[in-house]
Structure formats: C-alpha cells, structure tokens
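Please read the structure below before turning to the comments.
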Amino acid sequence: MFKQSLMLFLLLTVSALAAQVEKGSIHIKNGTVLTVTNGILENADVVIENGIISRIGKGLKTPSGAKVVDATGQFVMPGIIDAHSHIALDAVNESTHPITAEVQTGDVLDPLDVGIYRALAGGVTATHAMHGSANAIGGQCETIKLRYGTYNPSDLKMEGAPRTIKFALGENPMRVHGEGGGLMSRTRMGIEHTFRRAFSEAQQYLAAQEAYTKEKASDPTAVAPMYDRRLEALGDILKGDIIIHCHSYRADEILMLMNVCKDFGIKKLVFQHVNEGFKVAPELAEFGAGASVFADWWAYKFEVYYSTAYNAAILTRNGVVTSINSDSGDYIRHLFHQAGKTQRYGKLTDNEALRLITLNPAIQLGIDSRVGSLEKGKDGDVAIFSAHPLSVYAIPQMTIVDGIVRFDIKEDSNDQRLDPDPEKVDMMMLDYDEDHRCMEGTGEALLHNH
Amino acid sequence: MRLIKNPILLVLVVLLTTVASLSAQVVGKASKGAFLLKNATIETVTKGSVKGDLLIKDGKIANIGPNLSAAGAKEIDCTGKFIYPGFIDGGTNLGLVEVSSVSLTQDSREAGDVKPFLEALTAVNPSSVAIPVTRVSGVTTVITMPEGGLIPGKAALINLVGYSPNEMYAGFKAMRMNFPSSAARGRRDNRSEEDRKKEEEKKFKEITELWDETKLFAKIKSASAKDASIVQDYNPTLEAMIPVVEGKMPLFIEVNRSSDILSALKWVKKMGVKAVLTGVSEGWRVADSIAAAKIPVITGPVIDMPARQSDRYDRPYANAGLMSKAGVTVAIRSNDTENVRDLPFHAGFAAAYGMGREEALRAITIVPAQIMGLGDRLGSLEAGKDANLFICDGDPMETKTQIQQVFISGWEIPMNSRHSLLYDEFLERSPGVKN
C-alpha cells in the first residue's frame, strides 16, 4: 500500500513538473547592459529570479541558488526576437487551397530541430514560427521560445502570446494556385477578391451564430449553424483576436490589404518582407501597421527588383514600427549583424537598430509587455555578446531563456543535435540550405524563394 | 515664396523639376582625371598603415607620401578618413544574373555538361542594376562565373566601371570545373548512394577522356600548323581545353566536401594543372593537406550554414581562419550576385572567428590579386598600381562605416545606386498622405 502511494506520489510530482516550463535564476554581473528602453548601463548587473528579471543595477546581491555569470567586458542585451521564421517546424505550407486559416503551425512544432540551437547561438530567444506564403490566407502561426533541450513540442510555445495568422500577396500565391492549380488567384486582382470573399463569408458566419444565440434563448429547438474551423478562424480575425502577418512586397498590394482591412474593421496588421514598404511608409504609419523587413535582400525575384536596403531606415523615420526578420535558418543566426546594416544604409542610431530585433518585433507579435527589453518584471530572456552586438566582430557568448542557459560558447559541445541516429552517418549536402524557407513544401522551394 | 507669373517660365520650371526627378533613376557619369587625396590614413595592406596623401593620375596610383602636390589635380580632403584598396570578390555571378527567379534574365547557366568554350565576359551586362549597388560598398573588382555542369565555362575578372564588357575586363580568366562528387545535392536528392557513386565515376571517366582527347587534339593542331596536309576538325570544346590541360590557364575547381577535396588534391597533382580550389566549405577538416599541396583557395560565402547537422554552429565563419592558420593561401568570396556588397562583412565574420582582421583584409585584397597573378597591379595601395580604391570614415568591415568615395581604374565613381536613389526620393515622400 505504501509502495503504491509512493509511486502515485512520484507520478503526480513528475507529471506536475513536466507540465511546468523550466525556469531558472541567474545573476549576470558587471556587464554593459543595453536595456533598449532605458539606455545603456555600464558595469551593471541583471538578476533573473525564477525566469523573471527581478533587478537591474550596480553591485546587486546574488539571490540564493542563482547561477552567477561574470559579464565583465561583455555586452548584455534583451534576447533577440525574430518576427518571421520557419525553424522548429515539421511542415511550413498547407498549399492545397488558397485559404487554409484552419491549420496551425503550433501542431507541427519540432523541438529537435538543431536550427533552434543555431538560432540561440546568434542570441535569439523567441521566434514567430510561421506558416509559408503559398496561400493568400495561410495557416495560423505560433510564437515560440527557444527552449532547446526539451523533447516536448508544447514546451516551445510562448504561453499567453496572442494568436497570429499568415497572409500572402503577390507572386507566391499567384504562382502556386493561379499558375500551378488554375485557381483564383492568378493575379493581384484575384488576391484582393479572395480576401473580400473570405471576410464576407466570415461575417455571415458570425451573424448566423449571433442569430442562433438569440434564437436559442426563446426556442430550445433552434438549430446551430454548421461548425466550420476555417470560418471560426476568419471570424476571430474580424473580432480582433488574431494579428495578421502578411507576406508582401509591392506598394500597390500593401495598400490593397490596408483598404480591405479598413473595410472590414480589422486593425491588427503587420506586413512581412514588405520590400516596397518605403514607398507607402506614410500610409503604413497612418494605418498603424507594422513592417518586418529584410536588411538587404532584393532582386531574387521580380517583385523585389525595385528595392532598397534603406527600407528599414525610411520606415523608421516615417514612424512605422519596424523589425528586421530572417525568414531563414541561416540569417536568424546573425540578426544582430543584419540590424547593423541599417547603420550603413540610413544611419540609424545604435538603439534604433537594436529595437529592430528586440522591442519592435515584440510589439508586432503582441508580446512587448513580456519581452523585447531589459526591464524589471519582464521575462529573463537575455543575450550576452563579446563586443557591442552591432559590431561585425561581436561574438555571442551566452543566450538565456526564462533564466535558463540555452547556449554557452564555453560549455557546449560541437554536435548539439538532440537525437542523432547512431546508424546514420551525417553526410554533407552540397546544397544544404533548402529548408526553413517560406515556400518549403510547395514542390518549388527554390533558393531565395521567400 | 514669390509666385511665378510668367506661364512659359512656369512650364519651364515644372519641366526642369520633372527632368531632375526622372534622371534620379540613373546613377550618373563617372569622371576621370587627376585626384589628390589629402591627409588620409592610408591602409596600404602590403606596406602597413601610413598617414599622408595619395595621388591618382592616368588611372594609376601615381604617388603616396606626405605633403604631395599636383597641379591641376582635384583635391579631396581626407582628414580623419581612411583609404583602402578596392575589395576584390573571388567569386560572384555579378552582371550575369539580374533577377535570379526570372530565368530569361539569367545568363550564368548554359545547357550542357562540358562547355569550356563559354565566356562569362560575353554575357556581362554593364547596365546591371546590381553593379552600382555593389561598387559603392568599396567592392571594385569581381570574378564573375558561369555555373552548372562539369565544365561551366570561363570565369572573368571585371572592374565595376565601364559601358562594355571589354571596358570592364580586368585581365584575368580561368576555366571553371565542378569537381565530381558522390554527395547528395540536398534533402530532395532521391538518388541512392550507389547511383550517386556511379554518376561520380562516370564524371571522372569523362574528365579522363576529355584530358586525353585534348592532348591528342593539341598534338594534331601543332602538326597541322607545320604540315598543311593534316586537316584538323573543328572542336571548340577541345580547343578551349588546351591551355587548361597544358597548365597555362588556371582551373578553378569547385569542391566542398572534405573527401572530395582530398581527391581533388590528388587529381591536380596527377594532371599537372594550374589549380585554384573554390568553395572549400569543409577545408577546415583537411587544411593541412591543402597547405601541403600548396594550392590556393577561394572560399565563401563565410556567412553561411554549417555543411552538416552535426557541425559546430560557427564552422563556416571559422573555416577561412582555420585554413589560413594551417598555412593555406586563402581568399574570400561572397558567391553572390545582388549582395556582393556584403563581401567586407563576410571578411569581418572570418576576422572575428579566428582569421584576424589583417589576414581577412588581405583575403579580399592582395591575396585574390596574387592568386590571379595580378599582385603587381591590384590588391594594395602602392605607387604604380591601378587606382582601385575608396575613401571611408572607419573600418569598412563594420556596418556602421560609410563608404564615401570610390575610384575604379582612376574613375571617380558616382556614389549612387538604385538603393540610395530610392532613399533620397522616399525618405520624405512628396506628396505624402495629407498633401
């Protein structure tokens, strides 16, 4: 009997622990602290207790049980946030229909992807694990924290982060469904219509549900409208419960989606890539739409031929909340360097450049109350660099998520895979950067096909 | 503001403004002449860092020294500024590809497997929008390469100034070869290991035959030159291979996997070709062997993914430095088209991850020049060398640094590109939203 109770107790304890995301306590000592929201603090400490930043200042006391990290001569910044990524995903595109609002990348998270570790080794602590850009209305996305080491996909989810969904304009949805499938949309006209039809149908769906709720109060035999997962998701966008993150390039299509959103009362809108955002920066600012851009990618397809690496600077100067994203398993590893390019192209200040990869992507994902700057009460997500992170010579030293060290340049082994197959030799591929791309899984995942 | 009352004048003003804004879509003319760059920190690369003046005349660096003067030269005050030699990218597709996903704007990949008669220089588009974008970053000279197949064709060195390929040509060509490999091309490569090995063997057989036939062809050619009765068939493939097989024209061997690198080293020794290894992403695994073979390397991109899932995350950053430390002659390339301008950042990453700044700077200046046999003309700031150089306000590998003026073959380059012109036009858009 005693044995059985002990077993039961152990089981309950273990399952209770498993349900809890791992959090830690760390005292980072004597670094140059780049808070992003509150200036630069020299020779300062950051104390994280149980996953939350509890104090920032000079000569702080180490809480009992906290790990001590000496950051003398090093730079401490908030963990980098990538508002557009496809790492940690088993599948990217459900490219079977121009509208797939019902699917969720949160259902296909892959905690074993070594790409998570490589992103951590670039100071990244949170990413927006996005659906691809094959469909005008793609799937819902998941904001994740890079808790590499866990085997449980759910542990990656940033609990409480707002829901988001992927939309796409231009060449990708035109090619996949228009040219490839002979369906609307083959043109940018068709893409607008796809949105208007989808939102109109969702309005009808919501109206039918409302009518049913009213009817049910007086008539218990009232019949509920047919449940539809796709229309549920679209309805949630209309209600303001989901932030749209839309793959886009050209100025005309960016204006088009803003007009559609205005007509349907949708306010939560972030444009992704948005290479021609600079042309409509005043309109983006007026709408209050965010822009998440590449630092300097252009000319890989026709719709990005009229681009400028000054995009982020123009958007920032026009008052648009702007971030720099990777959309790549490679570029996610040096977003700090990508942000630095806004100083070559547009002379952004250090803090403006750092905001592009910290607070601004956090705002775009609706998680800025928890991450994106070093402030008391925020999550203990921190990156430590050997030099100022905007310097080309800066090397990430340590990356901390929820107070747990997930990357340590001094301690980690060379091979950081979690599940190497002992039977299989890890061969070199000649063209190895095919995955983690926007068009992955559409059968036409060409290089640079963002 | 006074109102313009004369309607003709008004039309004229409107026209002039329109013309000015239209012409903003082209980058403008380069100008040549004598330029005296005063009071700079001159990073010569080969002879250290010196304070002083630099005189450009007739397309060359005429002189470097303190207190230079030159009658009629345009003086440029460089107080607090730096002068660097123009960066050289050892491998790009610049000028050959305009928009990579639009196949008809792509001139780098001809059909066929063995095409040594192809000349990259022929297809270089001097009006490629990416050329001004590249050169304003301080990259003045690039190797542009054909792609695809066993022998993609001849790569050529071009200066990023000029209105024809011949004007741009900078005096170096090399044959390219993709070294046979049994490695999978990528995750979607469905060939079995056995099939991949078979294809590799077939390629090796093709190479052996190509070399044998070329040697025979060369013999017949020299015989027919002496004896008119010996008729030689037209064979552009073998004709183009003669200088390569005879070890006169350099052969750029693209090879990346460590086992393939080792087999390439053996092959080069056996064939007696004048070889340069390119790509070499796993060079760090066999760096000592490459050093012992004394074959130079053009590696890159540096900012790239590790080649294997099990590799340490920073191997591509560290590769150039690891080879260099082992004694390999290492130049760095971007292997890019529209973002060749990132070359100094590739060098910066290599510098940070073990190569050191000085050696990384050499890897994009004097080392590629020497690999091409042009060390007496390019790659450093010395009197008598080509005036390929730029003025900047700091370390050009740092993103914060502004490149202020570029000279290529003595031409003062307009510091505009599509990117900067769009910035000028749209930073404060007019009309905006409300006016």
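The values are calculated or read from the model by the stated rules, or taken from the named source; none is laboratory data. Everything numeric here is computed off the predicted structure, so don't read it as measured data. All Cβ positions, glycine included, derive from the backbone under ideal geometry; neighbour counts span all protein chains shown. Protein only, heavy atoms only, side chains kept; ligands, DNA and RNA dropped before computing areas. Shrake-Rupley method; radii C 1.70, N 1.55, O 1.52, S 1.80 Å.
Taking the criterion of being part of a strand (DSSP E or B), among the small types (Gly, Ala, Ser) and open to solvent by less than 20 Å² (accessible area, probe 1.4 Å), the residues of the range A:54-89 that qualify are A:Gly57, A:Ala83, A:Ser85. Within the range B:233-262, the set of residues being open to solvent by less than 40 Å² (accessible area, probe 1.4 Å), among the small types (Gly, Ala, Ser) and in a helix (DSSP H, G or I) comprises B:Ala240, B:Ser258.
Scanning the range B:126-157 for residues that are without any contact (Cβ under 8 Å) to a residue 40 or more places away in the chain and within 19 Å of B:Trp411 (Cα to Cα) yields B:Ser127, B:Ser128, B:Ile131. Checked against (1) in a loop (DSSP other than H, G, I, E, B); (2) touching a Phe, Trp or Tyr at 6+ places or on another chain (Cβ under 9 Å); (3) within 11 Å of another protein chain (Cβ to nearest Cβ), A:Lys267 passes all but condition (3).
Assess whether A:Val36 counts as being within 25 Å of the chain's Cα centre (by Cα), at positive phi and either in the same structural domain as A:Leu390 (by TED's automatic domain parsing) or not in a strand (DSSP E or B) (or both). Criteria met by A:Val36.
Select, from A:Arg230, A:Arg197, the only residue that is assigned to a helix (DSSP H, G or I), assigned by TED's automatic domain parsing to the domain that holds A:Ile367, open to solvent by 90 Å² or more (accessible area, probe 1.4 Å) and farther than 23 Å from A:Gln364 by Cβ.
Numbers: A:Arg230 fails: open to solvent by 90 Å² or more (accessible area, probe 1.4 Å).
Within the list A:Arg230, A:Arg197, the selection yields A:Arg197.
Here the condition is being over 29 Å from the mean Cα position of the chain (by Cα) and under 30 Å from B:Ser258 (Cβ atoms); of B:Glu213, B:Glu199, it holds for B:Glu199 alone.
Show me the helices (runs of 4 or more DSSP H) found entirely inside the range B:289-406 where at least 2 residues are of a type in the set (Ser, Thr, Tyr), away from every other protein chain (no Cβ under 11 Å) and open to solvent by 10 Å² or more (accessible area, probe 1.4 Å). Quick ask: steps written out before the conclusion?
On the way: elements: B:315-325, B:343-350, B:357-362, B:366-371.
Those helices (runs of 4 or more DSSP H) do not exist here; none qualify.
Looking at A:Val46, A:Val36, A:Val21, just one residue is open to solvent by less than 50 Å² (accessible area, probe 1.4 Å), in contact with a strand residue (DSSP E or B) (Cβ under 9 Å, 6 or more places away or on another chain) and at pLDDT below 95, and that residue is A:Val21.
Screening B:Lys205, B:Lys215 for residues that are open to solvent by 70 Å² or more (accessible area, probe 1.4 Å), in contact with a helix residue (DSSP H, G or I) (Cβ under 7 Å, 6 or more places away or on another chain) and farther than 20 Å from A:Val425 by Cβ leaves exactly one candidate, B:Lys215. Before we move on, is B:Val102 aliphatic (A, V, I, L, M), modelled with pLDDT under 95 and open to solvent by 10 Å² or more (accessible area, probe 1.4 Å)? Considered against the rule, which asks whether it is aliphatic (A, V, I, L, M), modelled with pLDDT under 95 and open to solvent by 10 Å² or more (accessible area, probe 1.4 Å), B:Val102 comes out as yes. Of all residues in the range A:347-360, those that are surrounded by 24 or more Cβ atoms within 10 Å (Cβ to Cβ) and within 10 Å of another protein chain (Cβ to nearest Cβ) total 2. If you take the residues of the range B:263-288 that are touching a Pro at 6+ places or on another chain (Cβ under 7 Å) and open to solvent by 20 Å² or more (accessible area, probe 1.4 Å), which of them is nearest to B:His346 (Cα to Cα)? Here the residue is B:Ser281. When restricted to residues that are within 26 Å of A:Val371 (Cβ to Cβ) and open to solvent by 60 Å² or more (accessible area, probe 1.4 Å), the range A:405-424 contains 2. Residues that are of a type in the set (A, V, I, L, M) and facing chain B (nearest Cβ under 8 Å) within the range A:286-323 comprise A:Ala299, A:Ala309, A:Ala313, A:Ile314, listed in sequence order. Among residues of the range B:170-199 that are under 19 Å from B:Gly279 (Cβ atoms) and within 12 Å of chain A (Cβ to nearest Cβ), those with a Cβ under 6 angstrom from a residue that is in a strand (DSSP E or B) and not hydrophobic (A, V, I, L, M, F, W, C), sequence gap 6+ or separate chain, pair up as B:Asn178/B:Glu254.
Taken over the range A:143-180, the criterion of being under 22 Å from A:Leu120 (Cα atoms), open to solvent by less than 40 Å² (accessible area, probe 1.4 Å) and not in a loop (DSSP other than H, G, I, E, B) is satisfied by A:Thr143, A:Ile144, A:Lys145, A:Tyr148, A:Thr150, A:Asp155, A:Leu156.
Working only within the range B:105-144, note down all residues that are of a type in the set (S, T, N, Q), within 14 Å of chain A (Cβ to nearest Cβ) and surrounded by 16 or more Cβ atoms within 10 Å (Cβ to Cβ). Write out each step before concluding.
Going residue by residue through the range B:105-144, those that are of a type in the set (S, T, N, Q) are B:105-106, B:108, B:122, B:125, B:127-128, B:134, B:137, B:140-141, B:144.
Pick out the ones that are also within 14 Å of chain A (Cβ to nearest Cβ) and you get B:105-106, B:108, B:125, B:127-128, B:134, B:137.
Within the range B:105-144, B:Thr105, B:Gln106, B:Ser108, B:Asn125, B:Ser128, B:Thr134, B:Ser137 meet the criteria.
Based on this model, can you work out whether A:Leu238 counts as buried (at least 21 other Cβ atoms within 10 Å of the Cβ), farther than 19 Å from A:Tyr310 by Cβ and in contact (Cβ under 8 Å) with a residue 24 or more places away in the chain? Judged against the criteria, A:Leu238 is not a match. What about A:Asp402, is it more than 8 Å from chain B (Cβ to nearest Cβ), modelled with pLDDT of 95 or more and crowded, with 18+ Cβ neighbours inside 10 Å? When the stated conditions are applied, A:Asp402 passes them. When you scan the range B:101-115, do you find a residue that is farther than 17 Å from B:Val340 by Cα, assigned to a strand (DSSP E or B) and not assigned by TED's automatic domain parsing to the domain that holds B:Phe390, even just one? Taking every residue of the range B:101-115 in turn, at least one turns out to be farther than 17 Å from B:Val340 by Cα, assigned to a strand (DSSP E or B) and not assigned by TED's automatic domain parsing to the domain that holds B:Phe390. Candidates are the residues of the range A:241-264 that are within 14 Å of chain B (Cβ to nearest Cβ) and either within 19 Å of the chain's Cα centre (by Cα) or open to solvent by less than 10 Å² (accessible area, probe 1.4 Å) (or both); the one that is farthest from B:Leu422 (Cα to Cα) is A:Met258. Being open to solvent by 10 Å² or more (accessible area, probe 1.4 Å) and either part of a helix (DSSP H, G or I) or outside the structural domain of B:Leu262 (by TED's automatic domain parsing) (or both) holds for only one residue in B:Glu167, B:Glu147, and it is B:Glu167.
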